[in-house]
Amino acid sequence: MININPKVFIYMNLSIDEYKIPLEVMDTPDKREIGMMGRTELNGGMVFVFPDTQERGFWMKNCLIPLDIIFLIDNEITKIYRNVPPCSDEYVCDSHIGIGNLVLELNGGELPQQIKIGDKLKFT
């Protein structure tokens with residue numbers, strides 16, 4: 001298993017209306033592989049940064065909480081999966097597919113309903 005020291009994470013913020021959401025930046029292969037596996041909470045969100053834009057699949061293997069999964073090309077939303085449950089015996093571990101060079105994960109149900117495909121998000 002890959003161990004990542006949380007002290008080496010880079011952080012940034014996502015601004016939605018008047019809210020600022022702190023994000024952990026997953027910008028290396030090891031960080032992207034671990035993501036939310038085994039974690040019981042997400043304080044803010046995670047943004048997965050990739051070196052190129054292509055179709056990507058995310059799944060909820062070993063994830064313990066529901067997530068909103070948002071695919072982006074640069075800052076523009078290309079696909080949204082809302083309140084995706086963790087894999088379990090009742091829920092098959094599907095792959096959630098979208099195109100992007102960024103993938104944002106928030107706590108399930110946290111992405112405001114008015115946010116839609118084509119909207120641009122502001123990262124600071």
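The values are calculated or read from the model by the stated rules, or taken from the named source; none is laboratory data. Keep in mind it's a predicted model, so treat the numbers as computed, not measured. Cβ: placed from backbone, ideal geometry, glycine included. Neighbour counts: every protein chain shown.
Determine, yes or no, whether ASP119 is among the acidic types (Asp, Glu), over 23 Å from ARG39 (Cα atoms) and surrounded by fewer than 14 Cβ atoms within 10 Å (Cβ to Cβ). Outline the logic, then answer.
On the way: among the acidic types (Asp, Glu): yes; over 23 Å from ARG39 (Cα atoms): yes; surrounded by fewer than 14 Cβ atoms within 10 Å (Cβ to Cβ): no.
So ASP119 fails the test.
Restricting attention to segment 54-93, which residues are part of a loop (DSSP other than H, G, I, E, B), in contact with a strand residue (DSSP E or B) (Cβ under 8 Å, 6 or more places away or on another chain) and aliphatic (A, V, I, L, M)?
Looking only at segment 54-93, we keep the residues that are part of a loop (DSSP other than H, G, I, E, B), and these are 59-62, 64-66, 74-75, 85-93.
Applying the additional criterion that residues be in contact with a strand residue (DSSP E or B) (Cβ under 8 Å, 6 or more places away or on another chain) yields 59-62, 65-66, 74-75, 86-87.
Result: MET60, ILE65.
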Restricting segment 70-88 to residues that are surrounded by 15 or more Cβ atoms within 10 Å (Cβ to Cβ) and in contact (Cβ under 8 Å) with a residue 40 or more places away in the chain, the residue that is farthest from GLN113 (Cα to Cα): LEU72
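Take PHE71 and decide whether it is closer than 23 Å to THR124 by Cα and out of contact with any Pro (no Cβ under 9 Å at 6 or more places or on another chain).
Numbers: closer than 23 Å to THR124 by Cα: yes; out of contact with any Pro (no Cβ under 9 Å at 6 or more places or on another chain): yes.
The answer is yes for PHE71.
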Scope segment 14-39; condition in contact with a strand residue (DSSP E or B) (Cβ under 7 Å, 6 or more places away or on another chain) and either in a loop (DSSP other than H, G, I, E, B) or modelled with pLDDT under 85 (or both); matching residues: ASP27, GLY35, MET36
Selected residue (criterion: nearest to MET36 (Cα to Cα)) from residues of segment 89-100 that are at pLDDT 95 or above and surrounded by fewer than 17 Cβ atoms within 10 Å (Cβ to Cβ): ILE97
Residues within segment 25-49 that are within 23 Å of CYS93 (Cβ to Cβ), free of Cβ contacts under 8 Å to residues at least 24 places away in the same chain and exposed (fewer than 15 other Cβ atoms within 10 Å of the Cβ), tallied: 1
Pairs, first among the polar types (S, T, N, Q) in segment 50-69, second in a loop (DSSP other than H, G, I, E, B), C-beta under 9 Å, six or more apart: THR53/ASP74; ASN62/MET36; ASN62/GLY38; ASN62/PRO86; ASN62/CYS87
